[in-house]
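Student: Provided herewith is a single structure, encoded as structure tokens, for subsequent inquiry.
The values are calculated or read from the model by the stated rules, or taken from the named source; none is laboratory data. Small disclaimer: the values here were computed from a predicted structure and weren't measured. Cβ placement follows ideal geometry from the backbone for every residue including glycine, while neighbour counts extend to all protein chains displayed.
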4 protein chains.
Amino acid sequence: MSVQSLGVAVVGHAFMGKAHSNAWRNVGAFYPDVPQVRQHVLVGRDPASLETAAATLGWESVSTDWQAVLADDRVDIVDLCIPGHLHATMAMEALAAGKHVLVEKPLANTVAEAEAMVDAAAAAADRGAHAMVGFNYRRIPALALARQYVESGRIGPVRQARVAYLQDWLADDDAPMTWRMRKETAGSGALGDLASHAVDQVRSLLGQEVVRVNGELRTFVTERDGEQGREDVTVDDAAWATLHTDGGAVASVEVTRMATGRRNSLQVELYGSRGAIRFDLEALNELHSCLDGATAWTRELVTDPGQPYVDAWWPPGHTLGWDHTFTSQAADFLRCLGEGRPPTPSFADGLAVQRVLAAIEQSAAGSGVPVDPKETR
Amino acid sequence: MSVQSLGVAVVGHAFMGKAHSNAWRNVGAFYPDVPQVRQHVLVGRDPASLETAAATLGWESVSTDWQAVLADDRVDIVDLCIPGHLHATMAMEALAAGKHVLVEKPLANTVAEAEAMVDAAAAAADRGAHAMVGFNYRRIPALALARQYVESGRIGPVRQARVAYLQDWLADDDAPMTWRMRKETAGSGALGDLASHAVDQVRSLLGQEVVRVNGELRTFVTERDGEQGREDVTVDDAAWATLHTDGGAVASVEVTRMATGRRNSLQVELYGSRGAIRFDLEALNELHSCLDGATAWTRELVTDPGQPYVDAWWPPGHTLGWDHTFTSQAADFLRCLGEGRPPTPSFADGLAVQRVLAAIEQSAAGSGVPVDPKETR
Amino acid sequence: MSVQSLGVAVVGHAFMGKAHSNAWRNVGAFYPDVPQVRQHVLVGRDPASLETAAATLGWESVSTDWQAVLADDRVDIVDLCIPGHLHATMAMEALAAGKHVLVEKPLANTVAEAEAMVDAAAAAADRGAHAMVGFNYRRIPALALARQYVESGRIGPVRQARVAYLQDWLADDDAPMTWRMRKETAGSGALGDLASHAVDQVRSLLGQEVVRVNGELRTFVTERDGEQGREDVTVDDAAWATLHTDGGAVASVEVTRMATGRRNSLQVELYGSRGAIRFDLEALNELHSCLDGATAWTRELVTDPGQPYVDAWWPPGHTLGWDHTFTSQAADFLRCLGEGRPPTPSFADGLAVQRVLAAIEQSAAGSGVPVDPKETR
Amino acid sequence: MSVQSLGVAVVGHAFMGKAHSNAWRNVGAFYPDVPQVRQHVLVGRDPASLETAAATLGWESVSTDWQAVLADDRVDIVDLCIPGHLHATMAMEALAAGKHVLVEKPLANTVAEAEAMVDAAAAAADRGAHAMVGFNYRRIPALALARQYVESGRIGPVRQARVAYLQDWLADDDAPMTWRMRKETAGSGALGDLASHAVDQVRSLLGQEVVRVNGELRTFVTERDGEQGREDVTVDDAAWATLHTDGGAVASVEVTRMATGRRNSLQVELYGSRGAIRFDLEALNELHSCLDGATAWTRELVTDPGQPYVDAWWPPGHTLGWDHTFTSQAADFLRCLGEGRPPTPSFADGLAVQRVLAAIEQSAAGSGVPVDPKETR
């Protein structure tokens, strides 16, 4: 464990900035065995709101000067909680400045950006600066346990995965236009926002690569009221795909922002020859599984000693919330930094997800013809 | 109501023959308002097993002579509970002989057969003989109630449907070869057996036609032990499709026989602009819905007076089983016969499903390119 | 198996008469290995409604003459589906006439009646006529499986049981008065109607006797509109009890007709030193259990080969309904008759339940002081 | 809002000390509108472990000198996270020293202690020092919403409540002896630990007082291995009670540490004339209800804007964990302090719960005879 604590700079203080600040503020209390951190500086554009946010979220200082942050020796870690089109440049600058970098998912808006980031991360790693992409759902105890079950063969080779990420915040035709429904700012809609998590889980849980993709996209509400009047929605509301892996599995993916009644439902199902797994983010403390040839479903409340991440928290039956995943993510990141190991999911993982998203988009543009993610750009 | 009871001939006495016999034996007790029936004759090939089955299942007589059955004036209804490749010929012969005909799903193994059956049914209807295909799940009270909710606009226009039919009886690599895994006898695998129900529900619940299909098929276990040694599996174990309807909806369909832990799980989800619906065949008395703009799920035990089919059965809270759907199906059929109305789902409905199945197969053969069901054959 | 079929007389054709008629009509089809039956005669008071019911429910004849039924040699089995205050006399007359007797639960309205019935049954058994009381929920596959689990020690010695039977048909203050809310006709309210099932399950599942009871009763709506105006409700709406068994377990029992939203929810929970069991009648195909020291819940859909009663019915995943319990009950009864074995639950079991109900009532009258069921009358 | 932040002293750094420290560390980030706090001093006995805990949990200083803490002007709030037999003395000393006091539940081990504490709190309130007892489950959004539903009449007058708190950490006979199983240290077993929450919920949700109690206690495992060998268990493993309220309702309470498979399941059910409510702590983000005369259950994920506590946290569908209840509890406490209002639940609420627990114990000692909580001591 490092003697001196690591200084953190978080960039952004909206939804994700709040979630990440919470993680940095609490990681030491629950994971005392990882390197300690200081909430050194919160970085943003608007001084007034930045001051308020910093005071609320526990930051020692604020900055609107990105170059000064990069030059600040007290900053060891840069954590980017900003829209995707800003990820590549800032992450690469931070790595070049010798900072460890954590980037919110998805890694970038394009394959090209992601490729450049992977190169930058590889170069930085040689100099001891590490990079990670923030697929926080890998830190849900139930999903981490699911991964252990798959890895240890308890459900046999996985044949089919069914992953859906269903939300409903755009089900209302009258929901107003935001930057999230414009291609120039958001890149894509449900695809980048939700399918990125789904694809990461498929890769992570199966430990396999996607080699072929059939995809479709649909925008159900094609116009919405913007601040300057009626405006075209230029991203997808929903996406469907089948992912074929190099291990012979098929994963169906369905993501949408139009699923009335589904507030935030990432559903993961895996079917192997000797078992199965089910999970729903709306009940994130629970894992349902058939193991070792059983055909009846066992529901575990994943709060028992020895289960992934659990020992850091509370006694059995005392459940965790959504935001705890960020604290555990910070701990995993810090532990790797402390040990000089590359953290995961790496930027290469982020790129692999990005290629699959691009393949879905490319397949959809071609009416569903199959696309190899390696051939996207 | 007819003064004289209608004589029924059931052809076949395996799984479906038992289920249909049960329906004919009980329909009068629960639906006294429809025409009465007599269990006149059970038809089969093997006299010994036929006698035993008839005695057990309540039949007055048996026959191994199909032509004699057709010629028998005491037979008013012919109910075909036999493999799909026998449907077309026998159904058309029965209609030609002036019998009302009920055919188990799927209607046929090919579009061409189904087309011929539709023509035959139209001709027969002019002579007062009616035909129906046995998509019994339309008679589940919860799904019939779901249809009412959609029709009356309580979930708004449906944008997305998610229909999965998950079974696990082939998840075991060592499950032996049967006629169901051979293309020449079964036509297809999970596709015809399970996706037929899924597609029928999409058409029935939405009241829309499928105009474009993207599909994929996969056989995970490509060889199994047959009676004469190792044998190729020549049908699909699983199928995936997206169905685009003329009403602008997209329905994802996933069916499989490899979903360990899913014994018989037909899952239906509908998402509209003002609500949603969820159903699972493994809990067939329950309907989950968000209605009239609500975003929280209400779970109804569909056993209340006034709900579809319920008045025929028991007081609130006294649940029905899988086999009751066949009894209610028989009642619907008989009621139409009594009133001289064409019963539904008609052979034309059966054909429409068949075209979608063919489109999935054709799309799959073309690596997922879109296919218009009207252009299949 | 008997060469000649047994003639059945059902007395009563309301709710229970319909359910039992359904059982006799179908038992042969699902349980061909037990003695065959004929639906010989339906017995009632009102000739007109009796004729209609008999025609609908499949009976060969009707009778309004109880003595003639007793004298009819073609009647081998008398099945009483009538209010409790008529059970004792008619059951004893039928046994005296040499008939096998099935009596709907609860066995009687008083301990004294039940004692007389036990004596009569013992005498009849010596002459080869057998008696059973109709606690049909023993025939739910999931509860029968639960019993196997307890018997084979898979949850260890049971320490606590929690049994609730929750209904809501009297939650509405405006629900009208019926004979069920009058002490002179119904004996008690939720106590006799619902707690009888609960107590039978405790005895049956644990295989233990209740030796001490603390009980309470409450009538929440003390007046209702009757046909002659406002009337006092003279039975309980709800009952609570703790039952202490000779095996050292404590079972809490709570039954009510006022539990809004609970249509017909018999909930059974058992907690042993090495496992636990959960069941809810509203989802009667499912059993939840922790077995052999496990602390996570496994949900079984009890439709697999080899599980109790299942082989008589359908393939895995094809669920049963409430009424199938009566068919299986008839089969169990007939199998015992065929083998000359006394069927269970016996009249003695019915009496044991009755004593516990009386103890609850007596304890309630004494403000909750403990009562030994053996000392009730 | 106070200009200067309030200094907090937490006494104890075990399970509850960690949970409360977490709350004080985070309350400002989520509830910026309440008075700010400083984590001034962590108080304990063992200097070494105290230092470590303070460093981990974010405390500025430590103290083993209780009198010094009382004398320290920088301490505005004393938060007692210590065993119950220490509550009374320390709480009264802190109040006498002018501190605001938060005491973990249950308020005390005896009615006499609780009465003294109520008197002390009343005297302190006159001088501007406020006291609260930590029934943190009142701060679960779903239970707070349930309270709103009851208060606004959406389920009608409540007739029956069913509250169970089921845990399983003593189900294993071989679980070792601790101070929690000795009467001299713990006062009681499941009764004080678990039933206190259950009784608080009954009082809080119904807004009614308990006027009559029938209770029973049981110790299933009467000896356990202690550090000095075999030892008697002198507290209850489980408790049962019926609580009769001044509003005419009956609440059944069942609490146990022997319910295998129930890790931490506080189950609350309310049945009113026009609706019902269900909740389970193992799924604490969900509330199930029938409202306004409905008889079907609606499941809300209580994460929507405007629902109690939710606005402080995350967007819809982003669930909370067990520990968030303490943060919201701290916020409620601070808000009252800022506004000079007495916080709830007050020491008087704590006393009322204590009287009911004592009544259960007294009734149990009398074989279940009814006891009026007002007459306990």
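Student: Go through B:ARG224, B:ARG278, B:ARG218, B:ARG274 for me and flag whichever is of a type in the set (Lys, Arg), in contact with a helix residue (DSSP H, G or I) (Cβ under 7 Å, 6 or more places away or on another chain) and modelled with pLDDT of 95 or more.
Tutor: Just a single option satisfies the conditions, and that option is B:ARG224.
Student: Within the range B:120-133, is even one residue buried (at least 22 other Cβ atoms within 10 Å of the Cβ) and in a helix (DSSP H, G or I)?
Tutor: Yes; the residues of the range B:120-133 include at least one that is buried (at least 22 other Cβ atoms within 10 Å of the Cβ) and in a helix (DSSP H, G or I).
Student: When only residues in the range D:259-316 that are surrounded by fewer than 20 Cβ atoms within 10 Å (Cβ to Cβ) and at positive phi count, which is nearest to the chain's Cα centre (by Cα)?
Tutor: Restricting to residues being surrounded by fewer than 20 Cβ atoms within 10 Å (Cβ to Cβ) and at positive phi, the top hit is D:GLY306.
Student: Considering (1) buried (at least 19 other Cβ atoms within 10 Å of the Cβ); (2) of a type outside the set (S, T, N, Q); (3) farther than 19 Å from A:HIS87 by Cβ, say which one A:GLY366 fails and leave the rest.
Tutor: Unmet condition: (1).
Student: For the condition under 21 Å from B:GLN267 (Cα atoms), among the charged types (D, E, K, R) and more than 14 Å from chain A (Cβ to nearest Cβ), what is the one hit in B:LYS105, B:LYS183?
Tutor: B:LYS105
Student: Can you tell me which of B:ALA14, B:ALA29 is touching a Cys at 6+ places or on another chain (Cβ under 8 Å) and surrounded by fewer than 23 Cβ atoms within 10 Å (Cβ to Cβ)?
Tutor: Only one candidate qualifies: B:ALA14.
Student: Looking for whichever is assigned to a strand (DSSP E or B) and within 22 Å of D:THR56 (Cα to Cα) here; the options are A:GLY28, A:GLY7. Which one fits?
Tutor: The match here is A:GLY7.
Student: Further question: Checking C:VAL34 against (1) buried (at least 22 other Cβ atoms within 10 Å of the Cβ); (2) within 9 Å of another protein chain (Cβ to nearest Cβ): exactly one of these is not met. Which one?
Tutor: Going through (1) buried (at least 22 other Cβ atoms within 10 Å of the Cβ); (2) within 9 Å of another protein chain (Cβ to nearest Cβ) one by one, C:VAL34 breaks only (2).
Student: Right, here's the next one. How many residues are surrounded by fewer than 16 Cβ atoms within 10 Å (Cβ to Cβ) and within 12 Å of chain C (Cβ to nearest Cβ) when one looks only at the range B:50-63?
Tutor: Of the residues in that region, 2 qualify.
Student: Look at B:GLN354 and say whether it is out of contact with any Pro (no Cβ under 7 Å at 6 or more places or on another chain), assigned to a helix (DSSP H, G or I) and away from chain C (no Cβ under 14 Å).
Tutor: no
Student: Still on this model: So is B:ILE82 closer than 21 Å to B:ARG127 by Cα, of a type in the set (A, V, I, L, M, F, W, C), within 23 Å of the chain's Cα centre (by Cα) and surrounded by 15 or more Cβ atoms within 10 Å (Cβ to Cβ) or not?
Tutor: Criteria not met by B:ILE82.
Student: Of these, B:GLU223, B:GLU227, B:GLU209, B:GLU184, which one is surrounded by fewer than 24 Cβ atoms within 10 Å (Cβ to Cβ) and touching a Lys or Arg at 6+ places or on another chain (Cβ under 6 Å)?
Tutor: One residue alone meets the criteria, B:GLU223.
Student: Go through the range A:38-49 residue by residue and tally those that are surrounded by fewer than 21 Cβ atoms within 10 Å (Cβ to Cβ) and closer than 22 Å to D:GLN39 by Cα.
Tutor: 2
Student: Please note which strands (runs of 3 or more DSSP E) are completely contained in the range A:223-331 and include at least 1 residues that are of a type in the set (Gly, Ala, Ser) and either over 30 Å from B:ASP173 (Cβ atoms) or at the interface with another protein chain (Cβ under 9 Å from one of its Cβ atoms) (or both).
Tutor: Passing ranges, in order: A:223-226, A:229-232, A:238-245, A:250-256, A:265-272, A:275-280, A:286-290.
Student: Output yes when any residue across the range A:354-373 is out of contact with any Phe, Trp or Tyr (no Cβ under 7 Å at 6 or more places or on another chain), more than 24 Å from A:PRO106 (Cα to Cα), free of Cβ contacts under 8 Å to residues at least 24 places away in the same chain and small (Gly, Ala, Ser), and no when none is.
Tutor: Yes; the residues of the range A:354-373 include at least one that is out of contact with any Phe, Trp or Tyr (no Cβ under 7 Å at 6 or more places or on another chain), more than 24 Å from A:PRO106 (Cα to Cα), free of Cβ contacts under 8 Å to residues at least 24 places away in the same chain and small (Gly, Ala, Ser).
Student: Only residues that are more than 14 Å from chain C (Cβ to nearest Cβ) and either free of Cβ contacts under 8 Å to residues at least 12 places away in the same chain or over 27 Å from D:VAL118 (Cβ atoms) (or both): list them for the range D:147-166, please.
Tutor: Matches in the range D:147-166: D:GLN148, D:SER152.
Student: Return the residues of the range B:136-192 that are assigned to a loop (DSSP other than H, G, I, E, B) and small (Gly, Ala, Ser); say none if nothing qualifies.
Tutor: Hits for the range B:136-192 are B:SER152, B:GLY153, B:GLY156, B:ALA171, B:ALA175, B:GLY187, B:SER188, B:GLY189.
Student: Which members of the range D:169-215 meet the condition of being modelled with pLDDT of 95 or more, under 21 Å from the mean Cα position of the chain (by Cα) and of a type in the set (Lys, Arg)?
Tutor: D:ARG203
Student: For the range A:85-110, enumerate the residues that are crowded, with 21+ Cβ neighbours inside 10 Å and part of a helix (DSSP H, G or I).
Tutor: Passing the criteria: A:HIS87, A:ALA88, A:ALA91, A:ALA94, A:LEU95.
Student: Now for a separate question. Quick one: in the range B:167-179, of everything that is touching a residue at least 24 places away in the same chain (Cβ under 8 Å) and either in contact with a Pro (Cβ under 8 Å, 6 or more places away or on another chain) or surrounded by fewer than 18 Cβ atoms within 10 Å (Cβ to Cβ) (or both), which residue is nearest to B:ASN264 (Cα to Cα)?
Tutor: So the residue we want is B:TRP169.
Student: List the pairs whose first member sits in the range B:215-228 and is in contact (Cβ under 8 Å) with a residue 60 or more places away in the chain, whose second member is part of a strand (DSSP E or B), and whose Cβ atoms are under 6 Å apart, counting only residues at least 6 apart or on separate chains?
Tutor: B:GLY215/B:ALA241; B:GLU216/A:THR242; B:GLU216/B:TRP240; B:LEU217/B:ALA239
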